[in-house]
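Novice: Dropping the structure in here first, questions after.
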Amino acid sequence: MKAPIRVAVTGATGHIGYSLLFRIASGAMFGPEQPVILQLIEAPIEKAIKALKGTVMELDDCAFPLLKDIVKTSDAAVGFKNANWCLLVGAKPRGPDMERADLLKDNAKIFIAQGKLIDAVAADDVSVVVVGNPANTNCMIAASQAKRLPYDRFTAMVRLDQNRAQTQLAKKAGVDFTAIENIFTYGNHSPTIFPAFAHATIAGKPAEQVINNDAWLQGPFYEAVGKRGADIIAVRGTSSAASAANALVDHVRSLATPGSMHSIAVKSNGVYGFDKDVWAGVPVRTTSPGRYEVITGYSMDDFAKFKLAATNKELIEERAVVNML
Ligand code: NAD
Ligand code: LMR
């Protein structure tokens, strides 16, 4: 049996947390051979602490063979201690008629504090994944606090957008989800996220050729992916939770699996026209568990360049807001 890894999760009793913890403990995230210790962090408010106690009772009652211990705390310094993975979910979600960027004022301070603490107490090999919105910019904020850890340990989740794009293409083409490959999502986790359909394939053929409807790809498809979060809020009343937890399972599993090609938001070095130092969704290839290289060289046509510029502009604007906070 391998040694257990320590997985810290913030917002452990929130909507996403409740869908997520049981999947980590069951082995969905790190595989059936990898034992885990869950380090669960909640806000220091009575209701959340009580709910955390109940969630831990339920985790106990599952008797998961891979779950070796559970730490429950409202002290993030305890929760992040020696963590190999820090999954930063805990943050305010948006409501109807809000954009994710409207959350910056409330959520930015969480990521300043947590970035500092993770840098101080987490394991040397830690990987940090930011889910709390606006995820790209919160990731930039957390990473900016690190002195010991290199910036490439901090990634933000755009996998939900990739999964949404995959589903839209599969439904339009009338094929199984597994027939869709090489669909990657670029830029900001917001309505401007760009699913680069020109590189996608459906059962091995170019998606553009199979769909044969540029107007749909450049309009309804692109819009459905970007607006899906708001559409879910409009009908569910609260933001996506189980699908977000599932995307986080996918994000971490892909990032822990060498050879995987997937979309994550990372610090830009200028590739695909993103401003240096914004955190933009790009395709990556995992090189070793927790480490990746950005896949460069996908050619972008005028439509793609226009959309990449729009999502880049939004990331620059969010960064400017952070500078004013
Ligand atoms: P929620 O309100 O149900 O849960 C958030 C939890 O975080 C609460 O239990 C709260 O007590 C806790 N929390 C708040 N501040 C904390 C702190 N400093 N430390 C630890 N815990 C803290 O919200 P949710 O639906 O679980 O969503 C969480 C976040 O994830 C939101 O910002 C939401 O917008 C975002 N989200 C991102 C994506 C994505 O694709 N990146 C998808 C869905 C949701
Ligand atoms: C989503 O994409 O579903 C989440 O980011 C939640 C939201 O605010 O849209």
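Novice: Distance in nm between label sites at residue 82 and residue 47, each 7 Å beyond Cα in the beta-carbon direction?
Specialist: Going by the 7 Å Cα→Cβ label model, 3.5 nm.
Novice: Just to confirm the filter: which trypsin sites (Lys or Arg not before Pro) across segment 104-157 are DSSP coil and have at most 12 other Cβ within 10 angstrom of their Cβ?
Specialist: Numbers: sites: 105, 109, 116, 147, 148, 153; in loops: 147, 148.
Sites meeting the loop and neighbour criteria: 147, 148.
Novice: Which value, in Å³ per residue, describes the convex hull spanned by the Cα atoms of the chain?
Specialist: Spread over its residues, the Cα hull of the chain gives 132 Å³ apiece.
Novice: With the crude spin-label approximation of a point 7 Å out along Cα→Cβ, what separation in nm comes out for residue 227 versus residue 269?
Specialist: 3.8
Novice: Follow-up question, since we're still on this one. With equal scatterers on the alpha carbons only and no solvent term, can you work out the Debye log10 of I(q)/I(0) for segment 76-159 at 0.24, 0.25 1/Å?
Specialist: -1.10, -1.18
Novice: In nm, give the distance between the simple-model label positions of residue 178 and residue 75, each being 7 Å from the Cα along the Cα-to-Cβ direction.
Specialist: With each label placed 7 Å out from Cα toward Cβ, I get 4.8 nm.
Novice: Mind jotting down a quarter of the surface of the convex hull over the alpha carbons of segment 35-103, in square nanometres, one decimal? Walk me through the intermediate numbers first.
Specialist: On the way: hull surface 24.6 nm².
The number I arrive at for segment 35-103 is 6.1 nm².
Novice: Turning to a different aspect of this structure: Cross-chain or 8 or more residues apart, Cα under 28 Å: how many lysine pairs in segment 171-325 fit that? Count them up, please.
Specialist: Count of close lysine pairs: 24.
Novice: Then there's this: Considering all alpha-carbon pairs of segment 1-151, what whole percent are spaced by more than 20 angstrom?
Specialist: 47
Novice: Set the Förster distance to 25 Å, then compute FRET efficiency between residue 317 and residue 198 from the Cβ-Cβ distance, nearest 0.05.
Specialist: So the FRET efficiency works out to roughly 0.45.
Novice: Based solely on its DSSP helices, what 222 nm [θ] is calculated for the chain when runs of n ≥ 4 H residues each add -39,500 (n - 2.57) and the sum is averaged over all residues, nearest 500 deg cm²/dmol? Display every interim value, and only then the final one.
Specialist: Numbers: 10 runs with 133 residues, N = 325.
Helices in the chain give a 222 nm mean residue ellipticity of -13000 deg cm²/dmol.
Novice: Evaluate E = 1/(1 + (r/R0)^6) for residue 151 and residue 303, where r is the Cβ-Cβ distance and R0 equals 35 Å; express this FRET efficiency to the nearest 0.05.
Specialist: Approximately 0.70, to the nearest 0.05.
Novice: Loop-only check: which trypsin sites (Lys or Arg not before Pro) in segment 213-290 are DSSP coil with at most 13 other Cβ within 10 angstrom?
Specialist: The qualifying sites are 276.
Novice: Among DSSP beta bridges lying fully in the chain, give the percent that are antiparallel, nearest 5.
Specialist: Working: 19 of 42 bridges.
The antiparallel proportion sits near 45 percent.
Novice: Which whole-number value in Å² is the accessible area per residue of the chain, probe 1.4 Å?
Specialist: I get 43 Å² per residue for this part.
Novice: Just to confirm the filter: which trypsin sites (Lys or Arg not before Pro) across segment 1-95 are DSSP coil and have at most 11 other Cβ within 10 angstrom of their Cβ? Let's see the in-between values first.
Specialist: Details: sites: 2, 6, 23, 47, 50, 53, 68, 72, 81, 94; in loops: 2, 81, 94.
Passing sites in segment 1-95 are 2.
The values are calculated or read from the model by the stated rules, or taken from the named source; none is laboratory data. Nothing here was measured: the structure is a model prediction, and the numbers come from that model. Note that each Cβ is placed from the backbone with ideal geometry, even for glycine, and that neighbours are counted across all protein chains shown. Just the protein is used for accessible areas: all its heavy atoms, side chains included, with ligands, DNA and RNA removed. Shrake-Rupley method; radii C 1.70, N 1.55, O 1.52, S 1.80 Å.
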